[in-house]
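For reference, the structure discussed in these notes is given below.
The values are calculated or read from the model by the stated rules, or taken from the named source; none is laboratory data. Owing to the predicted nature of the structure, the values given are computational and were not obtained by experimental measurement. As a convention, Cβ positions derive from the backbone with ideal geometry for all residues, glycine included, and neighbour counts pool all protein chains shown.
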Amino acid sequence: MLLEVRDLHVEFRTRDGVAKAVNGVTYGVDAGETLAVLGESGSGKSVTAQAIMGILDMPPGRIAGGEILFQGQDLLKLKEEERRKIRGAGMAMIFQDALSSLNPVLTVGDQLGEMFTVHRGMSRKDARAKAVELMDRVRIPAAKERVRQYPHQFSGGMRQRIMIAMALALEPALIIADEPTTALDVTVQAQVMDLLAELQREYRIGLILITHDLGVVADVADRIAVMYAGRIVESAPVHDIYKAPAHPYTRGLLESIPRLDQKGQELYAIKGLPPNLLHIPPGCPFHPRCPMARDVCRTDVPPLYEVSPTRGSACHFWRECLDDYDG
Ligand SMILES: Nc1ncnc2c1ncn2[C@@H]1O[C@H](COP(=O)(O)OP(=O)(O)O)[C@@H](O)[C@H]1O
Ligand code: SF4
Ligand SMILES: [Mg+2]
């Protein structure tokens with residue numbers, strides 16, 4: 001495994017108490033593999049990513065337990081200086097909002113070039129040439145001229161390509177893309193996602209793709225990890241999930257994707273809201289919203305049951321959920 005997160009716990013100290021944002025997350029990604037991490041807003045997807053990257057807001061955040069193994073090494077045991085070296089050269093992150101992640105007063109050429117002057121000791125001239133090459137690589141037209149422009153002079157889609165170029169610059173083994181296309185128009189979304197998937201395959205990058213949109217992952221992901229209230233509730237190869245979900249929450253997400261063949265029908269939505277992380281319900285945290293909930297669900301926390309050697313579900317009734325499905 002390129003990256004293995006084991007039983008990770010992250011909490012935030014707030015005025016009202018301790019918010020348990022990540023409660024025992026375990027997931028992994030191999031070189032050349034794409035793991036999609038799915039779940040509604042507030043389920044702990046970004047906080048897990050921030051813990052992996054070593055950019056968690058501490059305080060108020062605190063890693064309360066677990067391990068993050070990157071190429072066999074526990075990142076949580078490293079000094080900040082060692083982690084800084086891994087960031088960039090070993091792993092990189094792509095954020096949703098390129099405009100606030102890029103420096104507004106530097107040209108994109110200078111920002112891309114800096115990756116090579118700072119980390120690789122290249123001359124400015126060579127670094128500029130590399131910047132143009134990268135912009136070509138992410139298919140920004142007229143890269144030679146546009147390398148002199150500032151982030152605000154690019155469209156949202158082009159800026160997201162620049163973010164991808166920045167992430168690729170030092171050829172990291174792992175990229176975490178956190179909702180990389182959420183802010184874009186639907187057509188541009190598809191283009192940027194295709195580009196990311198193509199580069200991921202070409203460079204054999206391990207990609208963690210965070211999204212709340214199951215619709216975008218079908219074509220690009222190998223595996224899916226579904227998060228709810230800071231836990232993994234289902235983890236499986238992507239085809240297994242589309243064939244039949246083994247957790248009622250995954251099923252709810254699947255049924256809320258708009259489908260072309262059901263135009264006009266009312267879209268299903270999971271009722272209720274995700275729990276308050278200061279007071280996560282006892283038993284299965286999904287039980288207040290679950291159409292399949294029974295008494296045992298209100299008292300007993302479901303472990304991640306083994307559905308198959310490559311699949312897990314944290315539902316006491318996963319078998320029933322699988323059998324019921326007529327997708
Ligand atoms: N800087 C912070 N301070 C306090 N609480 C935070 C902070 N960042 C995240 N949280 C808590 O962690 C929860 C999960 O956040 P996040 O991982 O960003 O969710 P998402 O799945 O939408 O990416 C939030 O709902 C919030 O309660
Ligand atoms: S354990 Fe119970 S409440 Fe939780 S998802 Fe399964 S059926 Fe629903
Ligand atoms: Mg997020």
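Under 17 Å from the mean Cα position of the chain (by Cα) and surrounded by fewer than 17 Cβ atoms within 10 Å (Cβ to Cβ), is that true of G65? Spelling it out, it is not the case that G65 is under 17 Å from the mean Cα position of the chain (by Cα) and surrounded by fewer than 17 Cβ atoms within 10 Å (Cβ to Cβ).
Cβ separations smaller than 8 Å between residues 6+ apart or across chains give the following pairs from the range 7-20 residues that are more than 16 Å from ligand 2 (Cβ to nearest atom) to residues that are assigned to a strand (DSSP E or B) and among the polar types (S, T, N, Q): D7/T26; L8/T26; H9/N23. None of D185, D222 is among the acidic types (D, E), within 14 Å of the chain's Cα centre (by Cα) and away from ligand 1 (no atom under 16 Å from the Cβ) except D222.
Residues in the range 48-77 that are closer than 19 Å to G90 by Cβ and within 10 Å of ligand 1 (Cβ to nearest atom): T48, A49, Q50, A51, L56. The residues of the range 274-288 that are more than 20 Å from F12 (Cα to Cα) and within 16 Å of ligand 1 (Cβ to nearest atom) amount to a single one, F286. I'd like to check something: does the range 120-132 contain any residue that is under 29 Å from V47 (Cα atoms) and away from ligand 1 (no atom under 16 Å from the Cβ)? Within the range 120-132 (the criterion being under 29 Å from V47 (Cα atoms) and away from ligand 1 (no atom under 16 Å from the Cβ)), the answer is no, since none of the residues qualifies. Exactly one residue out of A31, A64, A49 is assigned to a strand (DSSP E or B) and not basic (K, R), and it is A64. Inspection of the range 92-110 identifies at least one residue that is in a loop (DSSP other than H, G, I, E, B), of a type outside the set (F, W, Y) and within 11 Å of ligand 1 (Cβ to nearest atom).
Yes or no, residue by residue, for (1) among the β-branched types (V, I, T); (2) over 24 Å from I164 (Cα atoms); (3) at pLDDT 95 or above:
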{"site": "L8", "(1), (2), (3)": "no, yes, yes"}
{"site": "K20", "(1), (2), (3)": "no, yes, yes"}
{"site": "G28", "(1), (2), (3)": "no, no, yes"}
{"site": "T34", "(1), (2), (3)": "yes, no, yes"}
{"site": "S41", "(1), (2), (3)": "no, no, no"}
{"site": "G44", "(1), (2), (3)": "no, no, yes"}
{"site": "A49", "(1), (2), (3)": "no, no, yes"}
{"site": "P60", "(1), (2), (3)": "no, yes, yes"}
{"site": "I86", "(1), (2), (3)": "yes, no, no"}
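State whether one or more residues within the range 165-172 are at pLDDT 95 or above and farther than 14 Å from L112 by Cβ. Yes, there is a match, as at least one residue in the range 165-172 is at pLDDT 95 or above and farther than 14 Å from L112 by Cβ. Here S43 passes the criteria (1) within 22 Å of P275 (Cα to Cα); (2) assigned to a loop (DSSP other than H, G, I, E, B); (3) away from ligand 3 (no atom under 16 Å from the Cβ) except the one numbered (3). May I ask you to list the residues in the range 189-202 that are surrounded by fewer than 16 Cβ atoms within 10 Å (Cβ to Cβ) and not charged (D, E, K, R)? Within the range 189-202, A190 is the sole residue that qualifies. Among the residues of the range 51-70, are any within 16 Å of L209 (Cα to Cα), away from ligand 2 (no atom under 16 Å from the Cβ) and in contact with a helix residue (DSSP H, G or I) (Cβ under 6 Å, 6 or more places away or on another chain)? Checking the range 51-70: not a single residue is within 16 Å of L209 (Cα to Cα), away from ligand 2 (no atom under 16 Å from the Cβ) and in contact with a helix residue (DSSP H, G or I) (Cβ under 6 Å, 6 or more places away or on another chain). Among the helices (runs of 4 or more DSSP H) confined to the range 213-257, the ones with at least 3 residues that are within 17 Å of G42 (Cβ to Cβ) are located at 248-255. Looking only at the range 46-98, residues that are away from ligand 3 (no atom under 16 Å from the Cβ), among the aliphatic types (A, V, I, L, M) and touching a residue at least 12 places away in the same chain (Cβ under 8 Å) come to 10 in all.
Here is a yes/no grid of residues against (1) more than 24 Å from the chain's Cα centre (by Cα); (2) in a helix (DSSP H, G or I); (3) within 16 Å of ligand 2 (Cβ to nearest atom); (4) aliphatic (A, V, I, L, M):
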{"site": "G113", "(1), (2), (3), (4)": "yes, yes, no, no"}
{"site": "M122", "(1), (2), (3), (4)": "yes, no, no, yes"}
{"site": "D136", "(1), (2), (3), (4)": "yes, yes, no, no"}
{"site": "M158", "(1), (2), (3), (4)": "no, yes, no, yes"}
{"site": "A165", "(1), (2), (3), (4)": "no, yes, no, yes"}
